[in-house]
1. With the crude spin-label approximation of a point 7 Å out along Cα→Cβ, what separation in nm comes out for Val55 versus Asn34?
2. I need the phi-derived Karplus couplings for the stretch 28-43: 6.51 cos²θ - 1.76 cosθ + 1.60, θ = phi - 60°, integer Hz, Gly and Pro marked x.
3. Here is the link list: Lys46/Lys79; Lys2/Lys79; Lys39/Lys74; Lys2/Lys74. Which ones come out longer than 18 Å on Cα distance?
4. Using label points projected 7 Å from each Cα along Cα→Cβ, tell me how many nm separate Ile42 and Lys79, to one decimal.
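FYI, it's all coordinate maths here, none of it is from the lab. Just so you know, these numbers come straight off a predicted model, no measurement behind them. Cβ: placed from backbone, ideal geometry, glycine included. Neighbour counts: every protein chain shown.
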Amino acid sequence: MKTLQSLLVVVLLLLSFNAKADDMILNTDLNLFNPDVRKCLIESSKEDGWELKSVYLNTKNEIIMIFDRGDETKIYKSK
């Protein structure tokens, strides 16, 4: 039941983004399954003013991380 609720929250968060397609950057070159890579990505993004909005595992077992800064959105997907 909790995973269903979590999934619903993630879907609602994704639908709430009002960014244009040009603002979204999809990066698939990172191994987000490595905790050190995730930590480094979060810390370096925070230094540049990006805020982590969401992290989830999609149906293809890929880790998705979504960062926001103002009207811009970056999406990172594990390789």
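1. In this crude label model, Val55 to Asn34 measures out at 1.6 nm.
2. 3J(HN,Hα) across the stretch 28-43, in whole Hz: 10, 8, 9, 8, 6, 6, 7, x, 5, 5, 4, 4, 5, 4, 5, 5.
3. In this structure, Lys46/Lys79; Lys2/Lys79; Lys2/Lys74 lie more than 18 Å apart at Cα.
4. Spacing of the two 7 Å Cα→Cβ label points: 2.3 nm.
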